[in-house]
C-alpha cells in the first residue's frame, strides 16, 4: 500500500465561495463581495461608484477608474453574497463529509469576519464564535481542519484606504489577525496555511494584457510584504503552540516547453522560476533565489526591503508545502502556436492532452511530475490541497427514487490523479494529504458560476441565484468514501 497510515484524505473549500452571509453578524466587505457572476466566455465584473455618484463595472482584472470605490449596486448579481450558505448549513455539510470518511477538511477564515475593516482593536466576537463552532463540529467527527488564513479576502477597507498589500503597514494588521486566530483556536486546529495561491499575484500578471513596469513593481512589493507576513505567522504559531504546523500554498500549474527549441526550453525554465520557485523558495528556504534579481531587473523593480524583513524571512520558513493542481500548459517562443486557457492561465495547447468543458488541459501525469520535482527541491512534506474537475452536472432521479448526479467523468478524473500520487509516493515523495477542491459544489472563483461544479455533493443553487440549497449525493460521493476507507487501495 503506497499511501501511508494516517494519510489525510479530505476536501477543500474557501470562505468567500461557500459561506455566504456576507454582511451577517458584523462581517465587513471584501473585494470578492463586489464581484458579479460571469461565464467561461465573459469575465466577472467589479462594480464601483465614483465620487460624483456615477456607477459602473469593469472586468475584474482591468483595474478601477481613478477615484472609484468598490460598491454593491442595484441590478447586479453577486454570487458570493450567498455562496452555498455554508454559514447556516455547516452542520449538515460536515455530517456529509464525515459520512465520506474525511480525515481532513481544508477551509479558510474570512479575515473581515474577524476584523471587519482590518484595523479594529478588538475582534468581532460573532465571527470568532462561528469558526469555533465549525471547528467543534469537525472535532465531533474526528476531522482535522486545515485552515487557510487568507484566501482572496483582505478586508476592503485595507485595500481601498490603506493601499492593500503594497503598503508595508498591512503586515502589522495581518500580524494582529494571525495572532488572534492562532491564539483563539489553540487546541482545535493543528495545521495552518498562510496565503492561498500566493504566486498568482505575479504568475498571472501580464497574461490577459501587457503589464507595465509600474504594475510589476506593485506586484513584487505586494508579494514581498506577504512573504514577511507569512514568516511572522509561522514564527508566531510556533511560539503560541509548538505543535502547530504552518504551510505555504502555491498555484501548481505545470509548464512544459512546447518544442525542443532551446529558446522554448529556457523560456520554460524562466516560467517555473517566476511562477513557482520565486514564492516557493522564499517561503520554504527563507530567502530569495539567485534568479530574483534577473526577474526584478526585467521590469526595473526596486523593492523596499529592510534588514529586519530579511531576518524575519530567514526565521520563518514554512513546515510543509501545499499546492493546487488542475492542469498543465506549454511554453513557447513561437508566435504561431495554438493557445488554450483555463481561468486566467493562458499557455500553448498541448496536442497530447484532452481538456475540460472550461478549456483546462487534463494531465494526471503532470501531478506526479510536480510532486517529484518540488519534493526534490524542498524536501518538506507535501499536500495536494486542491484538485478536481469543474463540469456540467445533471441532477436526475436515481435507482431508488433519490436525486443524484451520475458523474463518472469526475470519478475517472480523480482516479487517474490518485494513481499518479501513489506512484510519486512509491518514488520517495513525502505526500501526507489530499483534499479535492470544491468537495461540495460552490461558487467558481474564476467565473462566478454555480454550473461549473466540482463537488461530491450537489447543491441546488443556480447561476441566477435561485434554488432550494438542498444537498444531494453524487455517484462520486460513494466512490470517494470507498477510496478513503481503503486508504487509496480501492479506486475502481
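Every number in this text was worked out from the coordinates using simple rules, so none of it is lab data. None of the values given here were measured: they were computed from a predicted structure. Cβ atoms come from the backbone with ideal geometry, glycine included; neighbour counts cover every protein chain shown.
Give me the number: length gained by fully extending residue 261 to residue 305, i.e. 0.36 nm times residue separation minus the C-alpha to C-alpha distance, one decimal in nm.
Numbers: separation 44, 0.36 × 44 = 15.84 nm, distance 3.77 nm.
Separation in residues times 0.36 nm, less the Cα-Cα distance, equals 12.1 nm.
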## Note on the structure
At q = 0.21, 0.23, 0.28 Å⁻¹, the log10 of I(q)/I(0) for segment 267-327 from a Debye sum over equal Cα scatterers comes to -0.95, -1.06, -1.23
## Note on the structure
Extend 7 Å from the Cα of residue 397 along its Cα-to-C-beta direction; within segment 447-471, residues with backbone N under 20 Å of that point are 458, 460, 468, 470-471
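Per the Kirkwood treatment, what hydrodynamic radius in Å, one decimal, follows for segment 182-284 from the mean inverse distance over all distinct Cα pairs?
On the way: mean 1/r = 0.0644 Å⁻¹.
Value: 15.5 Å, from the Cα pair sum.
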### Task
Determine, at each q value in 0.20 (inverse angstroms), the log₁₀ of I(q)/I(0) that the Debye formula gives when each Cα of segment 319-429 is one equal point scatterer.
-1.10
#### Entry: Two-decimal log10 I(q)/I(0) for segment 228-360, as the Debye equation yields it once each C-alpha is a single scatterer, q = 0.12, 0.22 Å⁻¹
-0.61, -1.25
### Message
As an exercise, use a Förster radius of 45 Å and the Cβ-Cβ distance of residue 491 and residue 215 to find the FRET efficiency, rounded to the nearest 0.05.
### Response
0.55
### Message
From the convex hull of the Cα coordinates of segment 149-192, what is the mean projected area in square nanometres?
### Response
3.4
### Summary
Rg (one decimal) and Dmax (whole number) from the Cα set of segment 156-238, in Å, equal 14.6, 47
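As a test of understanding, state the convex hull volume per residue of the chain from its alpha carbons, in Å³. Write out the running numbers ahead of the final one.
Numbers: hull volume 72.3 nm³, N = 492.
Each residue corresponds to 147 Å³ of Cα convex hull volume.
What do you get for Rg/Rh of segment 1-134 when both radii come from the Cα atoms and Rh is the Kirkwood radius? Working shown, then result.
Working: Rg = 18.2 Å, Rh = 17.0 Å.
My calculation of the ratio gives 1.07.
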### Distance in nm between pseudo-label sites at residue 297 and residue 85 (7 Å out along the Cβ direction from Cα)
5.8
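Work out, in µm²/s and without decimals, the Stokes-Einstein translational diffusion coefficient of segment 111-206 at 20 °C, 1.002 mPa s, Rh from Kirkwood over C-alpha pairs. Mind showing how you got there, number by number?
On the way: Rh = 14.5 Å.
D, rounded to a whole number, is 148 µm²/s.
From the P(r) of segment 373-429, could you give the percentage of C-alpha pairs in the tail past 17 Å? Kindly include the intermediate steps, with their values, before the conclusion.
Working: 898 of 1596 pairs.
The share of Cα pairs beyond 17 Å in segment 373-429 comes to 56 percent.
Determine, for 106, 451, the number of other Cβ atoms within 10 Å of each Cβ, and report the residues in order from fewest to most. It would help to have the intermediate numbers written out before the result.
Numbers: 106 30, 451 17.
If I rank by nearby Cβ atoms, fewest first, I get 451, 106.
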### Summary
Kirkwood calc, segment 365-485, C-alpha pairs only, radius in angstrom 15.7
### Query
When every alpha-carbon pair in segment 13-90 is counted, what percent end up more than 22 Å apart?
27
### Task
Please compute P(r) over all alpha-carbon pairs of segment 60-101, binned at 5 Å starting from zero, and give each bin as a whole-number percent.
5, 15, 14, 16, 13, 9, 9, 9, 7, 2, 0
